[in-house]
Amino acid sequence: MFLSLLLGAAPNDGSGAASAQSLEAPPVADESPTAWSCTADTLRSGKECVFEAELTPAEPNKDQAASNIRTIQDMARTLCAESSKSSSTEGKPDRNLATTCEKKYAAAAERCGLEGTSPIVDAKGRFAPAARACYRAISGVLQETQMAASVGKTAVPAPKSPPSRGSASL
């Protein structure tokens with residue numbers, strides 16, 4: 001009886017065309033951005049991400065290239081300060097480490113112009129697919145800084161060496 005109800009409920013308009021949601025319909029990809037997009041937050045946290053910004057490529061433009069580099073450089077102070085914090089310093093950044101990070105970050109940011117062919121990030125803050133090299137370079141600087149902050153503050157000091165025999169004072 002259940003089977004007859006199920007079969008009787010199926011549409012039988014004779015069209016034979018599969019609806020968009022039926023199992024016989026060809027697959028349709030969902031092109032909308034995901035929560036895995038590469039953003040300043042994924043850069044900060046070091047999480048894996050996907051470059052899926054929605055951008056339209058354009059002709060190379062010097063103003064766009066300069067704007068891209070400025071956008072990335074504007075993030076430097078905040079990201080380097082966060083990366084240079086250690087749990088042993090009560091959340092305060094190591095100023096020397098942050099300064100070193102900012103210098104390395106600025107050098108890495110020079111790769112971020114994308115030749116002015118598109119913005120580095122879209123309106124939602126997602127990095128462009130063409131920004132992979134830039135993103136990885138900056139990520140490397142931040143990870144190196146985080147490592148130095150965590151290792152530098154928790155490292156055990158080297159033992160003091162005994163005085164040499166020939167330099168004993170009387």
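Numbers below:
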| item | result |
| --- | --- |
| Residues within segment 89-114 that are of a type outside the set (Lys, Arg) and open to solvent by 90 Å² or more (accessible area, probe 1.4 Å), tallied | 3 |
| Segment 21-38 residues that are modelled with pLDDT of 80 or more, paired with ones that are acidic (Asp, Glu) and open to solvent by less than 70 Å² (accessible area, probe 1.4 Å) (beta carbon under 6 Å, 6 or more apart) | SER37/GLU52 |
| Any hit, segment 73-88, residues being outside any helix (DSSP H, G or I), open to solvent by 30 Å² or more (accessible area, probe 1.4 Å), touching a strand residue (DSSP E or B) at 6+ places or on another chain (Cβ under 6 Å) and in contact (Cβ under 8 Å) with a residue 12 or more places away in the chain | yes |
| Qualifying residue in segment 64-73 (condition: of a type outside the set (Lys, Arg) and either touching a Ser or Thr at 6+ places or on another chain (Cβ under 6 Å) or closer than 19 Å to GLN146 by Cα (or both)) | yes |
| Condition check for PRO60: touching an Asp or Glu at 6+ places or on another chain (Cβ under 7 Å) and either open to solvent by 30 Å² or more (accessible area, probe 1.4 Å) or without any contact (Cβ under 8 Å) to a residue 12 or more places away in the chain (or both) | yes |
| Residue check, ALA29 of a type in the set (A, V, I, L, M, F, W, C), over 30 Å from GLY152 (Cα atoms) and in a loop (DSSP other than H, G, I, E, B) | yes |
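The values are calculated or read from the model by the stated rules, or taken from the named source; none is laboratory data. These numbers were taken from a predicted model, which means no experiment stands behind them. Don't worry about glycine lacking a Cβ; one is built from the backbone with ideal geometry, like all the others, and counts go over all protein chains shown. Note: accessible area is taken over every heavy atom of the protein model, side chains too, but ligands, DNA and RNA are not part of it. Shrake-Rupley method; radii C 1.70, N 1.55, O 1.52, S 1.80 Å.
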